[in-house]
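One structure is given here, and the rest of the page talks about it.
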Amino acid sequence: MPGSKKRDPSLERTYVVGGTGSGKSELAAYLTRGCSRLLVYDTKNDLGGLLGAVVVSAPEELTFRRREVFQPLGADAMDPQLVDRVMQCVMLAGNVVVWVDECSEVSTPQAMPPWMGAVLRQGRSKGIGVIALTQRDVGASHKEFFAQAQHAYVGHSSPVALEKLKTRLGPDVLQASQLGYASGRFLLFWDMQQPPRLVGPVRLGTIRSSKAY
């Protein structure tokens with residue numbers, strides 16, 4: 001993935017859904033462990049302790065040459081104009097992995113900041129990878145996050161969310177209801193642009209680099 005020496009799938013888009021305590025952030029940290037150029041858009045201001053990352057509070061401080069966690073001070077991290085400004089910087093820089101901590105906080109079902117949409121749709125040509133996390137129903141954020149995803153990790157989630165995921169991932173997704181909370185286990189659906197292939201369930205510590213970023 002961008003910023004990683006193992007592979008360079010700059011087209012990668014990964015969607016992670018699971019309830020509170022299911023291990024989404026730990027999973028994202030595991031998937032990006034080899035990324036030297038990482039931007040975490042921290043909507044909850046609780047990822048500042050990410051190993052090897054520098055906390056940044058203003059778009060002007062972003063370098064895109066290291067692992068960075070964006071936590072704006074005295075500003076609403078969900079402000080669409082702020083999201084748009086940061087994502088414009090992402091598009092200009094290129095060759096970086098963007099981790100959006102809660103995609104329903106930076107978009108609505110009806111609207112998405114234009115540069116966020118550009119990162120999802122056109123960022124591939126700039127070497128930009130995206131990992132989008134959500135603990136809410138699939139319809140709580142803009143459909144582009146899920147529509148653009150090539151891979152999905154599904155942890156324990158609400159029955160409503162699982163039913164919506166089933167329309168694209170198939171009935172196997174309902175197995176996620178059996179994983180339980182705080183288990184660190186996810187169903188991995190690989191290559192969603194083709195009929196998605198279920199790989200899993202998998203534990204965080206057993207996810208192989210060949211099956212992930």
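The values are calculated or read from the model by the stated rules, or taken from the named source; none is laboratory data. These figures come from a predicted structure and were not determined experimentally. Cβ atoms come from the backbone with ideal geometry, glycine included; neighbour counts cover every protein chain shown.
So the values come out like this:
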read-out	value
Which listed residue is touching a Cys at 6+ places or on another chain (Cβ under 9 Å) and over 18 Å from Val98 (Cβ atoms), from Ala161, Ala132, Ala140	Ala140
Meets criteria (surrounded by 17 or more Cβ atoms within 10 Å (Cβ to Cβ), without any contact (Cβ under 8 Å) to a residue 24 or more places away in the chain and either among the polar types (S, T, N, Q) or part of a helix (DSSP H, G or I) (or both)) for Leu82	yes
Residue in region 123-133 that is at pLDDT below 90, of a type in the set (S, T, N, Q) and on the phi < 0 side of the Ramachandran plot present	no
Every residue from region 1-29 that is buried (at least 18 other Cβ atoms within 10 Å of the Cβ), out of contact with any Pro (no Cβ under 9 Å at 6 or more places or on another chain) and either modelled with pLDDT under 90 or not in a strand (DSSP E or B) (or both)	Gly3, Ser4, Gly18, Gly19, Ser22, Gly23, Lys24, Ser25, Leu27, Ala28, Ala29
Residue count, region 128-179 (criterion: of a type in the set (Gly, Ala, Ser) and part of a helix (DSSP H, G or I))	6
Hits in region 182-191 (condition: surrounded by 14 or more Cβ atoms within 10 Å (Cβ to Cβ), at pLDDT 85 or above and either out of contact with any strand residue (DSSP E or B) (no Cβ under 6 Å at 6 or more places or on another chain) or among the charged types (D, E, K, R) (or both))	Arg185
Number of the condition not met by Ala118 [criteria: (1) over 17 Å from Cys35 (Cβ atoms); (2) within 13 Å of the chain's Cα centre (by Cα)]	(2)
Unmet requirement for Val98, which otherwise passes all of (1) under 15 Å from the mean Cα position of the chain (by Cα); (2) assigned to a loop (DSSP other than H, G, I, E, B); (3) within 22 Å of Gly127 (Cα to Cα)	(2)
Inter-residue pairs, beta-carbon under 9 Å, first closer than 13 Å to Asp191 by Cα and in region 140-161, second in a strand (DSSP E or B) and of a type in the set (Lys, Arg), 6+ apart	Gln148/Arg13; Ala149/Arg13; Gln150/Arg13; His151/Arg13
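Rundown of residues vs (1) surrounded by 13 or more Cβ atoms within 10 Å (Cβ to Cβ); (2) not charged (D, E, K, R), yes/no style:
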| position | (1), (2) |
| --- | --- |
| Arg124 | yes, no |
| Ile131 | yes, yes |
| Phe146 | yes, yes |
| Pro195 | no, yes |
| Val199 | yes, yes |
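Table: residues versus (1) in contact with a Ser or Thr (Cβ under 7 Å, 6 or more places away or on another chain); (2) touching a residue at least 24 places away in the same chain (Cβ under 8 Å).
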| residue | (1), (2) |
| --- | --- |
| Val69 | no, yes |
| Ala75 | no, no |
| Met78 | yes, yes |
| Met91 | no, yes |
| Val98 | no, yes |
| Trp115 | no, yes |
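A quick yes/no check of all residues on (1) at pLDDT below 90; (2) surrounded by 18 or more Cβ atoms within 10 Å (Cβ to Cβ):
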residue	(1), (2)
Gly34	yes, no
Leu47	yes, yes
Ala58	no, no
Val90	no, yes
Val96	no, yes
Val106	no, yes
Ala111	no, no
